[in-house]
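Just so you know, all these numbers are worked out from the coordinates, no wet-lab data involved. What you are looking at is a predicted structure, and each value in this text was computed from that prediction instead of being measured. Here the Cβ positions follow ideal geometry from the backbone for every residue, glycine too, while neighbour counts run over all protein chains shown.
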Amino acid sequence: METSIEDVAEDAGGPARPAATVANHEDAMVEAAAVATASVPAAIAPASLSPSRAGDFMQCPLLYRFRVIDRLPEKPSEAATRGTLVHAVLERLFDAPAAERTAPRAKALVPGQWDRLRESRPEVAELFADDAEGERLARWLGEAEQLVERWFSLEDPSRLEPAERELFVEAELDSGLRLRGIIDRVDVAPTGEVRIVDYKTGKAPRPQYAEGALFQMKFYALVVWRLKKVVPRRLQLVYLGSGDVLTYDPALADLERVERKLLALWEAIRQATETGDWRPRPTKLCGWCDHQAHCPEFGGTPPPYPLPVRAADSGDTGQGRMGPD
């Protein structure tokens, strides 16, 4: 994605959160049906956790509330929408025979996939409502084509036969916590080894923030392990914005640590849901938040809490604390 919130965080010297904005590719697909059925969906208590929503709570509990419980509307962004478009192109390219998976063919898919995206999500057309001459749209589509073309310098799709593309996964832990998400690509070697691949249209994080970037991938690896009893051999992040590939080979201990972290996170979310105590956590990313008008940090007032609340117990832990890995 052009200059995404993740990129801004990196430029500002802070860690990029594991999943970015309102139109995050994963959650846009998972939640699109719910959003389409009603303009103001009824508030419900959280029932599952995705990498994006986990990242929201770790960044700012109040942001999590606005998105998951209040379900406040957010405007589509050019960066996130471009990411969705590029993902669609890379997925569709594998419909072609291996020898025909070329950069020109991939770039030629961009206009058609943009038309399909507008049909399925009419709100994205608002991005260019004031672009009467179509110049900004043409530039935006050109940038999407550049990202698609860069992929060919990082991977050779003619030598790949993905086992799965845009795979929705969901697993329930022993605790009852349901984890869910969408994996961009799953490769399975003839020997049975599994590689999970995720495309990022932003820039690769600096080394000191790589762990945050890998959180999403370890989340997916945990779900695959719980579903298939197989620890993925490799996790691979393909950064089209900067032309980098970040890989990590997880061990079972890694996934067990992630599971403990998610359980602690879910307990914090449960407490906040029951007490209605969702505290803002100011960071440099606040400047790009769509909900400043409702945030106390900007003089706003959150909407009335739509769920029943109970008084916080004296033994309740502080909101958002993760506990040791």
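Taking a ≥ b ≥ c as the square roots of the eigenvalues of the Cα gyration tensor, segment 227-277 is classed as oblate, since a/c reaches at least 1.5 and a/b does not exceed b/c.
If you take all other residues with their beta carbon under 12 Å from the beta carbon of Val110, and give Lys and Arg +1 and Asp and Glu -1, the sum is +1. When Lys and Arg each count +1 and Asp and Glu each count -1, what net charge do the other residues less than 15 Å away from Glu297, Cβ to Cβ, add up to? My count for the surroundings of Glu297 gives +3.
Sorting the segments 224-235, 198-209 by their mean number of nearby beta carbons within 10 angstrom, highest to lowest, gives 198-209, 224-235.
Sites listed here are trypsin sites (Lys or Arg not before Pro) in segment 266-315 whose DSSP assignment is loop and whose Cβ has at most 10 other Cβ atoms within 10 Å: Arg310.
Segment 265-289 and segment 74-121 have their alpha-carbon centroids 34 Å apart. May I ask which of Lys75/Lys200; Lys75/Lys261; Lys107/Lys229; Lys200/Lys261 have a Cα-Cα span longer than 26 Å here? In this structure, Lys75/Lys261; Lys107/Lys229 exceed 26 Å between Cα atoms. About its Cα centre, segment 55-142 has a charge dipole of approximately 300 debye under the convention of +1 per Lys or Arg Cβ and -1 per Asp or Glu Cβ, with nothing else charged.
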